[in-house]
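Student: One structure, as structure tokens, below. Some questions next.
A short reminder: the numbers here are calculations on the coordinates, not readings from a lab. For clarity, every value in this text was computed on a predicted model and none was experimentally measured. Methodologically, a virtual Cβ is constructed for each residue, glycine included, from the backbone with ideal geometry; neighbour enumeration extends over all protein chains shown.
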Amino acid sequence: MPQQPFAPTRASQKMTLNITTETLTSHVSLFLEGEVDTTSAPQLLQTLTEIGLAELAELRIHAMSLTFMSSAGLRALVYAKQKMPHSSRLIFVGGSADIQEVITRTGLGNAVMLVETVDDIP
Amino acid sequence: MIERIDGLPTNIINGYKVRPGKPLPFGVSHVPNGLNFSAYTSAGTGCTLVLFSRGVLEPFAEIEFPKSYRIGDVFCMIVFDLDYEDLEYGYRIDGPFQPEAGHRFNKECILMDPYTKLVSGRDVWGEEPDWNAQIYHYRSRVSFDDFDWEDDSPLEFPPEDLLIYEAHVRGFTKSASAKVAHPGTYAGLAEKIPYLKRLGINAIELMPIFEFDEFENSRIHPETGEKLYNYWGYSTLGFFAPKAAYAATGRHGMQVDELKQLVKNLHSNGIEVILDVVFNHTAEGNENGPTLSFKGLDNKTYYMLTPEGYYFNFSGTGNTLNCNNPIVRSLVLDCLRYWASEYHIDGFRFDLASILGRDPLGYPLSNPPLLESLAFDPILSACKLIAEAWDAGGLYQVGSFPAFGRWSEWNGKYRDCLRKFLKGDAAQVGELAQRVQGSPDLYQSSGRTPATSINFITCHDGFTLADLTSFNEKHNSSNGEDNRDGGNDNHSWNCGAEGWTDNAGILALRQKQMMNAFALLLTSRGVPMFVMGDEFGRSQQGNNNAYCLDSSLSWVDWLQLKANHQLFDFVTSLIAFRKSHPCLRVNKFDTTITTIGLPSSSFHGTSAWSPDWSQESRQLAWMFCLDGIGTGNSDVDLVYVIANMAPSTSWFSCPELPNGLRWCVAFNTGDPAGPVLKHEATVDKHGLLVGERSVIIMTA
């Protein structure tokens, strides 16, 4: 039985997630860069907690620079929507076709509005 | 919140922080800062946890359970700091290889956790693995069980109100004609919910969705070169895991959420979900089959074995699960409880259910503990339990299945009688009278009700309805078995030509026969069921055993919906009619006289009140009556069905009705203008003509 891991895997690579927050009067935007998985999802959850979801009317998650989002990451979105007021909007901007497909097909899309660009936000 | 004092490691093994685990729950579960692994083996002498990164051939760690990490026969260990989204795991069990004693331990095999809720390694249908390089094919994973159901819960429709639609997840939308974004998947099926609502069914019974291997026994057709698969899936690998390759998101490992979303969508549209479950055998086959899980964990416990250590084969597939062993009984209970509570499943149909009533040596039990446990389980108390009440070992229990007052049965006698009557066989009217009432001859004496009887004329086994009226013989050459497979007693009739024809008269008769079948099925007391596509005449070109065909021959061709809209409209109208007439859904065997002086059920012939029970009779009429007094509805619900399967038109007089009531024709399969009467025609009080091979349905 080898003592060392074999070829580098996602589990053995250090994943990074950079989050930039922009707060405007009408909404809060989170710009995500990198990957959201079990190791970085707590960081996203912490940021979501800190922006005061309970009084937020609109939250925009900008995913244009997001290369991967796992099940843990998607659940952070659901968590966010559950903490926001009932009439609030959680908008997911951009993101790869894979990410959007998973959001839609698994029902996690019930919590978010998917748009391609900021101009598509109604 | 205070940190738990048992949430920290106590040891380090091979560089991994561990702690003695908890035996329950079995399988893998989340605990603070780690994962708890629990595996049962009564005769294994050692257990090693094998850990992989997702998709990587070789493991990154193997952690042997210390001897002290065992409670009873359960090895249990907590491992800390694992990336559970990326993790795949399995077990090596050490022990004797003594087949004659029932032991087949092999430490070289990496075994799938029988309690795994998620399986990877087969994420995309038909994507063939590297059989030589792969050392661990069906990989256990850790699932999220935190789906947001919101207000969803099982629908709990009264069983007598069910209209069951049997469907194959992949075959239902795989054809390009389905025009869905994700063909052949749970998501694809969800896109067809508007269609199911339009049809009017309120329960969908899904053919096996527990993880199975479509490559099991796969082969190339010797003549056509076509790849043949384990398409139907009656060979379970993972009892707690949904098939990944049925999910559009399977390659992302999101099949759990996708299936739950499908169930949630179906429920919100008033459709129950029943799963076809296969506990009679597993995918490990017999002594020549692979060691994937149970064989290597505890062969002697999980399988019915002969005294010499060979596998009993009451399933016809190689092995038989030892269902009345207490350990296996617990696994079956745990499994069904899991699906009922975590997936909100409304019911289960048990394949070859008679096996569940056999003891470890295969003898039928009079009071099988497993069946009793399932019938009285508190979590399953609202679930429909449906038995295919026979097995491949000769046990046939339709009417005698150990029901404990709860189980329903696929009524094979209904199927056979209706098929024979429809094709005009002699000596059927006596039995027909029993079947259309919900089969009191089978169920009344044991205190059961008409809803015990799942009435069906077609299902996945056998001809589709279109083929039942188009073929006298089976045509299974596509299966590569020289047409030796599939049943021979189909009670089918081709209406004058075998298979394809352009004879207008034959085609018209076939159409009418299909309408006759639906007319009788949907006006019978009991629970009606039919198979996907029958409502617009789906054909498998005469193949009555399409278990291995992943092709257009077994997929639903949605172009037929437009081509045969007349049949579809007829079926949807009949379904709506059934829903609006509670006398068709009475759930007791009752011949009391109603307040208007008519019995709740009665039989007639060409003369009212005078059925012809002779052997040569091909005609029967029946009246169902439900007194509205006490139900908030002052009207009496009356339905009169006339079935004339004789090759000639006959005059039928109808029972006289009191209180100024008049009979009105709602459906007439023999009406050349169309079977659904837009404006119900009032019948002359003396009676009416009923065409040859026709069914008329009337109300008052």
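Student: From the backbone phi of segment B:196-211, what are the Karplus-calculated ³J(HN,Hα) couplings (6.51 cos²θ - 1.76 cosθ + 1.60, θ = phi - 60°) in whole Hz, Gly and Pro given as x?
Tutor: 4, 5, 5, 5, x, 5, 10, 8, 10, 9, 8, 4, x, 10, 5, 3
Student: When the Debye formula is applied to the Cα atoms of the protein assembly as shown, each taken as the same point scatterer, what base-10 log of I(q)/I(0) results at q = 0.06, 0.07, 0.08, 0.09 Å⁻¹?
Tutor: -0.44, -0.60, -0.76, -0.94
Student: Based on alpha-carbon centroids, what's the gap between segment B:361-385 and segment B:644-663 in Å, whole number please?
Tutor: Distance between centres, Cα-based: 45 Å.
Student: Also, quick follow-up: Please report how far the C-alpha centroid of segment B:20-85 lies from that of segment B:301-323, rounded to the nearest whole angstrom.
Tutor: Here the two parts' Cα centres lie 28 Å apart.
Student: Round to the nearest 0.05 the FRET efficiency obtained for B:ARG251 and B:TRP131 when R0 = 22 Å and r is the Cβ-Cβ distance. Walk me through the numbers on the way to the answer.
Tutor: Details: r = 20 Å, r/R0 = 0.90.
Given R0 = 22 Å and the Cβ-Cβ separation, E is 0.65.
Student: Is the C-alpha gyration tensor of segment B:2-141 telling us rounded, prolate or oblate? Criteria: a/c under 1.5 is rounded; beyond that, a/b larger than b/c is prolate, otherwise oblate.
Tutor: Numbers: a/c = 1.92, a/b = 1.19, b/c = 1.62.
Because a/c hits 1.5 or more and a/b fails to exceed b/c, segment B:2-141 counts as oblate.
Student: With N set to the number of residues, divide the alpha-carbon radius of gyration of chain B by 2.2 N^0.38 Å and report two decimals.
Tutor: Working: Rg = 27.3 Å, N = 700, 2.2 N^0.38 = 26.5 Å.
Here the Cα radius of gyration is 1.03 times the empirical estimate.
Student: Per residue of segment B:443-456, what does 6.51 cos²θ - 1.76 cosθ + 1.60 with θ = phi - 60° give for ³J(HN,Hα)? Whole Hz please, x for Gly and Pro, Karplus curve as stated.
Tutor: For segment B:443-456, the Karplus-derived couplings read 10, 5, 5, 8, x, 8, 10, x, 5, 5, 8, 7, 7, 8 Hz, x marking Gly and Pro.
Student: Relative contact order of segment B:74-201: what whole-number percent is it, with Cα pairs under 8 angstrom and at least 6 residues apart? The partial results should precede the final answer.
Tutor: On the way: 112 pairs, mean separation 22.0, N = 128.
Dividing the mean separation by the residue count of segment B:74-201 yields 17 percent.
Student: Give the average, rounded to an integer, of partner chain Cβ atoms located within 10 angstrom of each Cβ in A:69-82.
Tutor: That average works out to 3.
Student: Next question. Taking a ≥ b ≥ c as the square roots of the Cα gyration tensor eigenvalues, with a/c under 1.5 meaning rounded and otherwise prolate when a/b beats b/c, else oblate, which class fits segment B:227-384? Please report the intermediate quantities before stating the final value.
Tutor: Details: a/c = 2.25, a/b = 1.37, b/c = 1.65.
Oblate, since a/c reaches 1.5 and b/c is not below a/b.
Student: 7 Å from Cα along Cα→Cβ at both B:ILE220 and B:GLU473: what's the point-to-point distance in nm?
Tutor: About 2.9 nm separates the two model spin labels.
Student: Still on this model: At 7 Å along the Cα-to-beta-carbon direction for both B:ASN488 and A:ASP98, put a label point, then send me their distance in nm to one decimal.
Tutor: 5.4 nm
Student: Angle, helix B:504-522 long axis vs. longest principal axis of chain B, Cα atoms, 0 to 90°, nearest 10?
Tutor: Here the helix axis deviates by roughly 70 degrees.
Student: Can you list residues from other chains, or at least 5 along the same chain, whose modelled amide H is less than 5 Å from the amide H of B:ARG104?
Tutor: Close amide H contacts, sequence-distant or interchain: B:GLN98, B:ASN299, B:LYS300.
Student: Express as a percent, rounded to the nearest 5, the fraction of DSSP beta bridges in chain B (both residues included) that run antiparallel. Working shown, then result.
Tutor: Values: 78 of 104 bridges.
Around 75 percent antiparallel, to the nearest 5.
Student: Quick one: helix B:326-342 against the long Cα principal axis of chain B, what's the angle to the nearest 10°, folded into 0 to 90?
Tutor: 70 degrees
Student: Taking the Cα centroid of segment B:501-532 and of segment B:218-245, what is the distance between the two, rounded to the nearest whole Å?
Tutor: Value for the Cα centre distance between the two parts: 31 Å.
Student: How many nm separate the modelled label positions at B:SER614 and B:ASN288, each set 7 Å beyond the Cα in the direction of the Cβ?
Tutor: With each label placed 7 Å out from Cα toward Cβ, I get 5.6 nm.
Student: Going by amide H atoms built from the backbone, whose H comes under 5 Å of the H on B:ASN313, apart from near neighbours?
Tutor: none
Student: Figure the gain on full extension for B:PHE404 and B:ASP359 (residue separation times 0.36 nm, minus the Cα-Cα span) and round it to one decimal in nm. Let's see the in-between values first.
Tutor: Values: separation 45, 0.36 × 45 = 16.20 nm, distance 1.77 nm.
Contour length minus the Cα-Cα distance gives 14.4 nm.
Student: Still on this model: Enumerate the amide H contacts of B:PHE348 below 5 Å, restricted to partners 5 or more residues apart or on another chain; note that Pro and chain-start residues carry no placed amide H.
Tutor: B:LEU275, B:LYS384, B:LEU385, B:ILE386
Student: From the backbone phi of segment A:86-99, what are the Karplus-calculated ³J(HN,Hα) couplings (6.51 cos²θ - 1.76 cosθ + 1.60, θ = phi - 60°) in whole Hz, Gly and Pro given as x?
Tutor: Running phi through 6.51 cos²θ - 1.76 cosθ + 1.60 with θ = phi - 60° gives 4, 8, 6, 10, 10, 10, 9, 9, x, x, 5, 4, 4, 5 Hz.
Student: Compute the Kirkwood hydrodynamic radius of segment B:92-218, taking the inverse of the mean of 1/r over all pairs of distinct Cα atoms, and give it in Å to one decimal. Can you show the working numbers first?
Tutor: Numbers: mean 1/r = 0.0537 Å⁻¹.
The answer is 18.6 Å.
Student: Then there is this: For B:LEU661 and B:ALA427, what does the FRET efficiency come to when R0 = 41 Å and r is the distance between their Cβ atoms, rounded to the nearest 0.05?
Tutor: Values: r = 34 Å, r/R0 = 0.84.
Approximately 0.75, to the nearest 0.05.
Student: How big is the antiparallel share of DSSP beta bridges in the protein assembly as shown, given as a percent to the nearest 5? Numbers along the way, then the final one.
Tutor: Working: 85 of 127 bridges.
About 65 percent, rounded to the nearest 5.
Student: Can I ask one more? Given the C-alpha atoms of segment B:589-699, compute the convex hull and give its volume per residue in Å³.
Tutor: Working: hull volume 12.3 nm³, N = 111.
Spelled out: Cα convex hull of segment B:589-699, divided by residues, is 111 Å³.
Student: Please give the residues of segment B:143-181, grouped as numeric ranges, whose backbone N is less than 17 Å from a label point set 7 Å along the Cα-to-Cβ vector of B:SER268.
Tutor: Under cut-off, by backbone N: B:147-155.
Student: Quick one: helix B:565-580 against the long Cα principal axis of chain B, what's the angle to the nearest 10°, folded into 0 to 90?
Tutor: 90 degrees
Student: Explain nothing, just the number: relative contact order of chain B, from Cα pairs under 8 Å at least 6 residues apart, as a whole percent.
Tutor: Numbers: 1596 pairs, mean separation 68.9, N = 700.
Contact order relative to length: 10 percent.
Student: Follow-up. Between A:HIS86 and A:THR117, what length comes free when the chain is fully extended (0.36 nm per residue of separation minus the Cα-Cα distance, one decimal in nm)? Present the calculation step by step, with values, prior to reporting the outcome.
Tutor: Working: separation 31, 0.36 × 31 = 11.16 nm, distance 2.41 nm.
So the chain would gain 8.8 nm between A:HIS86 and A:THR117.
Student: Mind giving me the FRET efficiency for B:ASP635 and B:ALA181? R0 is 56 Å, r the Cβ-Cβ distance, nearest 0.05 is fine. Mind showing how you got there, number by number?
Tutor: On the way: r = 46 Å, r/R0 = 0.83.
FRET efficiency, B:ASP635 to B:ALA181: 0.75.
Student: I would also like to ask the following. Relative contact order of chain A: what whole-number percent is it, with Cα pairs under 8 angstrom and at least 6 residues apart?
Tutor: Values: 189 pairs, mean separation 26.4, N = 122.
Taking the mean separation of contacting Cα pairs over the length of chain A, I get 22 percent.
Student: Looking only at chymotrypsin sites (Phe, Trp or Tyr not before Pro) in DSSP loops with at most 11 other Cβ atoms within 10 Å, what is the longest site-free stretch of chain B? Intermediate values should be presented prior to the final figure.
Tutor: On the way: sites that count: B:TRP131, B:TRP500.
Segment B:132-499 is the longest.
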